[in-house]
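The structure appears below as structure tokens.
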Amino acid sequence: MPEDRPPLPPFTRESAARKVQAAEDAWNTRDPHKVALAYSEDSVWRNRDTFVTGRAEIVAFLTAKWERELDYALRKDLWAFEDDRIAVRFQYESRDTRGQWWRSYGNELWEFDAHGLMTRREASINDVPVEEGERRIHGPRPESERGRTFPLR
């Protein structure tokens, strides 16, 4: 039987915001095994043009992602929620192996089981090249920024 990953659905505005911040915090560790624990054993993803099923594939996907996307740092914002679903908008910055910095903008749709594990994740993402001096996201979100919406530009 799966272990509960609070907060659990049905979500309130406060619990949905906590779930989003927990996801941001986990992804900012860049630890594929830690991140994968938030997903059900049979979780289904669409990430851009890639389809992933199950924790083992999630770990493989994230391992490859963070080998390509160096110095990855993420901000997520709650967009909407209802019962067992949450919609998120996000931005992250990373650099490629040639040193080019990128800002990636995206939207995610999440669905959770009764244990608070994500069973479905759909992500649409666009990348914009940025100069190093244009970067706005430097590491995990500081305490002073928690609960604040990250600006679009």
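Taking the stretch 66-111 only, how many residues are buried (at least 16 other Cβ atoms within 10 Å of the Cβ) and among the β-branched types (Val, Ile, Thr)?
2
Please specify each residue of the stretch 32-65 satisfying the condition of being open to solvent by 30 Å² or more (accessible area, probe 1.4 Å) and under 22 Å from ARG103 (Cβ atoms).
Residues satisfying the conditions are ARG46, ARG48, ASP49, THR50, PHE61, ALA64.
Can you report the number of residues in the stretch 119-135 which are among the charged types (D, E, K, R) and either modelled with pLDDT under 95 or under 15 Å from the mean Cα position of the chain (by Cα) (or both)?
Step one: filter the stretch 119-135 for residues among the charged types (D, E, K, R), giving 120-122, 127, 131-132, 134-135.
From what's left, either modelled with pLDDT under 95 or under 15 Å from the mean Cα position of the chain (by Cα) (or both): 120-122.
Total meeting the criteria: 3.
I'm trying to understand the selection: among the residues of the stretch 121-153, which are open to solvent by 60 Å² or more (accessible area, probe 1.4 Å), closer than 21 Å to GLU69 by Cβ and among the acidic types (Asp, Glu)?
Within the stretch 121-153, ASP127, GLU131, GLU132, GLU134 qualify.
The values are calculated or read from the model by the stated rules, or taken from the named source; none is laboratory data. For clarity, every value in this text was computed on a predicted model and none was experimentally measured. Here the Cβ is made from the backbone with ideal geometry for all residues, glycine too, and neighbour counts use every protein chain on show. All accessible areas refer to the heavy atoms of the entire protein, side chains included, with ligands and DNA or RNA removed. Shrake-Rupley method; radii C 1.70, N 1.55, O 1.52, S 1.80 Å.
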